[in-house]
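Here the structure comes first, spelled out in structure tokens, and everything after it is commentary.
The values are calculated or read from the model by the stated rules, or taken from the named source; none is laboratory data. Quick caveat, the model's predicted, so the values are computed rather than measured. Using ideal geometry, Cβ is built from the backbone for each residue, glycine included, and neighbour counts are taken over all protein chains shown. Protein only, heavy atoms only, side chains kept; ligands, DNA and RNA dropped before computing areas. Shrake-Rupley method; radii C 1.70, N 1.55, O 1.52, S 1.80 Å.
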Amino acid sequence: MPENARFGPLDVFTICAGNIDNPAILFIHGYPTSSFDFRELFEELSLNYYVCALDTPGYGFSSKPRDGYLYSIHDDARLVDHVIREVFKLDKFALFTHDKGDSVGLALLELYQKYDERPYQITRHFITNGNIYLPLAQLTQIQKQLLDPVSGPVLAANLNGTLLAQALATSTYSKTLSPDEIASLASIFDYQDGAKVQHDVIQYLNQRSRFEVGWLETLRNSDVPATLIWGEQDQISPIRVADYVWTKYLKSRNQVSTYWRIPQANHYFQNDAPRIVASIVNSELKSGKDLYIRNEEAYRVL
């Protein structure tokens, strides 16, 4: 954004694992976390895929500018587009997005659809637990307070990584996080005092509200096969969000679409049930790996 020009270059954290010659998967994380969310999926999938992720500005180990920096979903999408072409140098990949990353992924899809000559190919678009239709979302009280222009700056100024990590651990996972996992989350939040920018970065929800119908129409008209995967225990991005997007935008579109639900998983379903999620990804990408999804673990909506 032109308004951010005075801040100069930012540091962006990137990570890849696996054999570069294998099919690639690009992961985009959600709010308020980072690429650390995908650590268990990386372990499962890097044996057969080249897996890559980045931390968008304001998150993880990337720069956390403040003092008027305007965080933008569209800027994030342009950044991801640049990283795909110039850093990861991916010619073909599947896109896997979660939470706020769903919004970034849909904005990226909009850019992708506008290319006259596409510099890369998105082979599959995985969209997972995130408030991609805000009227059906169920934001937490702390999210509402952080979003508010009056209470948000005050609350963010008094947050730290431990408070954020403990709040997530008690409400957004079905599994119990170990003390080491909570400490790891806290240390990442505390990088460059990341808790202090929470009022600024959560403004993405206002952008989501403004652009979400257009982004969902882009999804409906996309020529990229799409897969919804949702943890049913999510209370922040409840299953009604996924049901609505599936019914209104994906179920009857011309391109291939599928919808998987995982009954025992919460918002961070990729950490609650990484082997199940990896198996779904394998299935959708036709990797030839044997499936180990039992009926009670996950099911596909028809």
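Some notes on this structure:
- Sub-7 Å Cβ pairs linking a first residue in the stretch 202-226 that is without any contact (Cβ under 8 Å) to a residue 60 or more places away in the chain to a second residue that is of a type in the set (Ser, Thr, Tyr), at least 6 apart or interchain, are ARG220/TYR249, ordered by first then second residue.
- Selection count, the stretch 111-141, where residues are surrounded by fewer than 18 Cβ atoms within 10 Å (Cβ to Cβ) and farther than 13 Å from LYS100 by Cβ: 15
- Single residue of the stretch 191-214 satisfying the filter (open to solvent by less than 70 Å² (accessible area, probe 1.4 Å) and of a type in the set (Asp, Glu)) that is farthest from LEU111 (Cα to Cα): ASP200
- Whichever residue in the stretch 65-89 is surrounded by fewer than 24 Cβ atoms within 10 Å (Cβ to Cβ) and among the charged types (D, E, K, R) and, among such residues, is farthest from ALA278 (Cα to Cα): ASP67
- Residue within the stretch 20-29 that is under 28 Å from ASP223 (Cβ atoms) and charged (D, E, K, R) present: yes
- Among the residues of the stretch 53-78, those that are of a type in the set (Asp, Glu) and either outside any helix (DSSP H, G or I) or modelled with pLDDT under 95 (or both) comprise ASP55, ASP67.
- From ILE25, ILE15, residue being modelled with pLDDT of 95 or more, in contact with a strand residue (DSSP E or B) (Cβ under 6 Å, 6 or more places away or on another chain), buried (at least 24 other Cβ atoms within 10 Å of the Cβ) and not in a helix (DSSP H, G or I): ILE25
- Any hit, the stretch 34-52, residues being within 12 Å of the chain's Cα centre (by Cα), of a type in the set (Gly, Ala, Ser), on the phi < 0 side of the Ramachandran plot and in a helix (DSSP H, G or I): yes
- One residue stands out in the stretch 28-64 among those that are buried (at least 20 other Cβ atoms within 10 Å of the Cβ) and among the aliphatic types (A, V, I, L, M): the one that is farthest from VAL281 (Cα to Cα), namely LEU54.
- Checking ALA165 against (1) in contact with a Phe, Trp or Tyr (Cβ under 8 Å, 6 or more places away or on another chain); (2) touching a residue at least 60 places away in the same chain (Cβ under 8 Å); (3) crowded, with 20+ Cβ neighbours inside 10 Å, the condition it does not meet: (2)
- Looking only at residues in the stretch 242-272 that are among the basic types (Lys, Arg) and surrounded by fewer than 18 Cβ atoms within 10 Å (Cβ to Cβ), the one that is nearest to LEU216 (Cα to Cα) is LYS248.
- The criterion of at least 3 residues that are modelled with pLDDT of 95 or more and in contact with a His (Cβ under 6 Å, 6 or more places away or on another chain) is met, among helices (runs of 4 or more DSSP H) falling completely within the stretch 139-218, by 151-157.
- Inter-residue pairs, beta-carbon under 8 Å, first at pLDDT below 95 and in the stretch 85-102, second not in a helix (DSSP H, G or I), 6+ apart: none
- Filtered residues of the stretch 239-272 (kept if among the β-branched types (Val, Ile, Thr), without any contact (Cβ under 8 Å) to a residue 40 or more places away in the chain and in a strand (DSSP E or B)): ILE262
- Restricting ILE236, ILE276 to those that are in a helix (DSSP H, G or I) and among the β-branched types (Val, Ile, Thr) reduces the list to ILE276.
- Restricting attention to the stretch 215-241, the residues that are over 16 Å from the mean Cα position of the chain (by Cα), closer than 26 Å to THR170 by Cβ and either surrounded by fewer than 17 Cβ atoms within 10 Å (Cβ to Cβ) or of a type in the set (Val, Ile, Thr) (or both) total 3.
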